[in-house]
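J.: Here it is: the structure, laid out below.
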Amino acid sequence: MNLDYFIDRFSKNRDVFAGLLRGVSLEQARWKPSPDKWSMLEVVNHLYDEEREDFRQRVELVLADPSQVWPPIEPRIWVTTRSYIDRELDTSLNNFFSEREKSLSWLAGLSDPNWQNSNTGPNGTLTAGDLLASWLAHDFLHIRQLARLHWQYVGAVADPYQTAYGGPWKES
């Protein structure tokens, strides 16, 4: 496990999130392409909660005491129970970035972590290395999601004009 790579990517991804979210109006931040989809504001608050209550916490628990039972999390339910949609974008983004800084400092302070330490729970057996890799992959899933929300919003606000000439959204 090349920890320096992960620290570098987590740091650079913070800048990507800033580029995708800074300067977005509250109207756009709360906009959803459909009622069952997340808004940008919901995504950033999800990232904030996942940073502090899921990934960093679980990596730390597995490294410190692999047998410790993990506290329960409900990320999909938190979107509504924690009223993400009612929050302010700048505050939410700053909260996430503050937690990301804590994560970067914590990761940089690790000394010879055993990435093979594992915990068996509801999601099966996961090593600390699995969790770290999944954490970074989670960033990229939400970077893709935020880019798509921007793309969809352009289509919504450009109506009656079309965006088709720019190309369709599809997996490459």
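J.: For residues in the stretch 138-172 being charged (D, E, K, R) and assigned to a loop (DSSP other than H, G, I, E, B), which is modelled with the lowest pLDDT?
T.: Applying the first criterion (charged (D, E, K, R)) to the stretch 138-172 yields 139, 144, 148, 159, 170-171.
Going one step further and asking which of them are assigned to a loop (DSSP other than H, G, I, E, B), we end up with 159, 170-171.
Values: D159: 90, K170: 84, E171: 75.
Across the stretch 138-172, the extreme among qualifying residues is E171.
J.: State the number of residues belonging to the stretch 15-31 that are open to solvent by less than 30 Å² (accessible area, probe 1.4 Å), in a helix (DSSP H, G or I) and farther than 21 Å from L104 by Cα.
T.: Summing the residues that are open to solvent by less than 30 Å² (accessible area, probe 1.4 Å), in a helix (DSSP H, G or I) and farther than 21 Å from L104 by Cα in the stretch 15-31 gives 2.
J.: Determine whether V43 is part of a helix (DSSP H, G or I), touching a residue at least 60 places away in the same chain (Cβ under 8 Å) and touching a strand residue (DSSP E or B) at 6+ places or on another chain (Cβ under 8 Å).
T.: no
J.: Being under 30 Å from S67 (Cβ atoms) and hydroxyl-bearing (S, T, Y) narrows it down to one of T163, T81, T91, so name that one.
T.: Being under 30 Å from S67 (Cβ atoms) and hydroxyl-bearing (S, T, Y) holds for just one of T163, T81, T91, which is T81.
J.: Count, please, the residues in the stretch 1-14 that happen to be surrounded by 12 or more Cβ atoms within 10 Å (Cβ to Cβ) and at pLDDT 95 or above.
T.: Qualifying residue count for the region: 9.
J.: Additional query: Examine the stretch 119-137 for a residue that is more than 21 Å from D15 (Cα to Cα) and in a loop (DSSP other than H, G, I, E, B), and state whether such a residue exists.
T.: Yes, some residue in the stretch 119-137 is more than 21 Å from D15 (Cα to Cα) and in a loop (DSSP other than H, G, I, E, B).
J.: Considering only residues that are open to solvent by less than 80 Å² (accessible area, probe 1.4 Å) and either among the acidic types (D, E) or in a helix (DSSP H, G or I) (or both), which ones fall in the stretch 63-90?
T.: L63, D65, P75, W78, V79, Y84, I85, L89
J.: Between residues in the stretch 62-78 that are more than 16 Å from P113 (Cβ to Cβ) and residues that are modelled with pLDDT under 90 and open to solvent by less than 50 Å² (accessible area, probe 1.4 Å), which pairs lie under 8 Å by C-beta distance while being six or more apart or on different chains?
T.: Pairs found: V69/G121; W70/G121.
J.: So E60 fits all but one of (1) open to solvent by 70 Å² or more (accessible area, probe 1.4 Å); (2) modelled with pLDDT of 95 or more; (3) outside any helix (DSSP H, G or I); what number is the exception?
T.: Against the list (1) open to solvent by 70 Å² or more (accessible area, probe 1.4 Å); (2) modelled with pLDDT of 95 or more; (3) outside any helix (DSSP H, G or I), E60 comes up short only on (3).
J.: Scan the stretch 32-56 for residues that are open to solvent by 40 Å² or more (accessible area, probe 1.4 Å) and more than 26 Å from L110 (Cα to Cα) and jot them down.
T.: K32, P33, P35, D36, K37, W38
J.: Considering only residues of the stretch 144-172 that are aromatic (F, W, Y) and closer than 19 Å to L41 by Cβ, which is least open to solvent (accessible area, probe 1.4 Å)?
T.: Y153
The values are calculated or read from the model by the stated rules, or taken from the named source; none is laboratory data. Predicted model only: the values in this text are computed from it and were never measured. Neighbour counts run over all protein chains shown; Cβ positions are idealised from the backbone, glycine included. Heads up: the accessible areas ignore ligands, DNA and RNA and are worked out on the full protein's heavy atoms, side chains in. Shrake-Rupley method; radii C 1.70, N 1.55, O 1.52, S 1.80 Å.
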